[in-house]
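The numbers here are math on the coordinates, done by the rules we state, and not lab data. Just so we're clear, the structure is a prediction, and the values are computed from it rather than from any experiment. All Cβ positions, glycine included, derive from the backbone under ideal geometry; neighbour counts span all protein chains shown.
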Amino acid sequence: MASKSWVVLSLLSSFAIILVTGELDHGFVRRLDRRLLGLKKEKLSHFRFYWQDILGGRNPTAVQIVPPVNTSSSTFFGAINMIDDPLTLEPNLSSKLIGRAQGFYALASQEEVGLLMIMNFAFIEGKYNGSTITVLGRNAVFTKVREMAVIGGSGLFRFARGYVQAKTYKFDNKNGDATVEYNVYVLHY
């Protein structure tokens with residue numbers, strides 16, 4: 001009789017644990033305490049830097065890898081550029097390099113110059129050296145301020161989320177070079 005009571009008590013305890021956690025163990029997922037991964041209190045950080053997109057000259061940092069579908073299109077729809085753009089502390093290219101924007105942008109609109117941007121801000125400066133912030137979003141380049149999502153990161157930006165605001169500082173109509181101010185608001189541990 002005592003063993004039956006123990007079985008009933010054990011089943012009730014298991015049921016109570018399921019109710020408390022709200023989850024069943026499926027064998028491939030489990031709930032973790034963030035402290036086990038060394039994650040402390042989440043914080044909000046603001047970064048401001050300049051993205052230098054250089055299409056012209058002898059050492060471009062953005063190169064077209066797919067041409068536009070229609071070469072007479074004013075929006076260059078379908079073109080894709082791969083980037084390895086410097087991120088600088090100030091608007092001039094010769095200012096301190098703090099990282100690089102690596103990824104690509106695709107001209108994704110037939111109505112306006114609208115980019116689909118997918119890039120990592122790979123930092124090389126200070127305590128953020130080796131860490132990245134990943135950005136994904138729509139960039140309507142002739143809109144004064146554009147907003148895109150921070151969808152993740154690595155290193156000190158694991159589990160990152162937030163948004164960026166991009167504002168064109170300078171654009172060269174002849175060669176397409178651009179300097180864009182980025183304000184990044186990111187929640188991270």
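When percent of Cα pairs over 24 Å apart is computed from the coordinates, the matching label among [x] 70; [y] 51; [z] 35 is [y]. Annotation: extensible slack from residue 45 through residue 147 equals 35.1 nm (criterion: 0.36 nm per residue apart, minus Cα-Cα distance).
Using the structure shown, list the pairs from 41/167; 96/170; 41/96; 96/127 with a Cα-Cα distance above 25 Å, or answer none. Beyond 25 Å between Cα atoms: 41/167; 41/96. Relative to the dominant Cα principal axis of the chain, helix 2-21 is inclined by about 20°. Which of the three applies to region 66-177, rounded, prolate or oblate, going by the alpha-carbon gyration tensor with a ≥ b ≥ c and a/c under 1.5 meaning rounded? It comes out prolate by the Cα gyration axes.
When each of the peptides 92-101, 68-77 is scored by how many other beta carbons lie within 10 Å of its residues on average, the order from highest to lowest is 92-101, 68-77. Taking each DSSP H run with n ≥ 4 as -39500 (n - 2.57) and averaging over every residue of the chain yields -3500 deg cm²/dmol at 222 nm.
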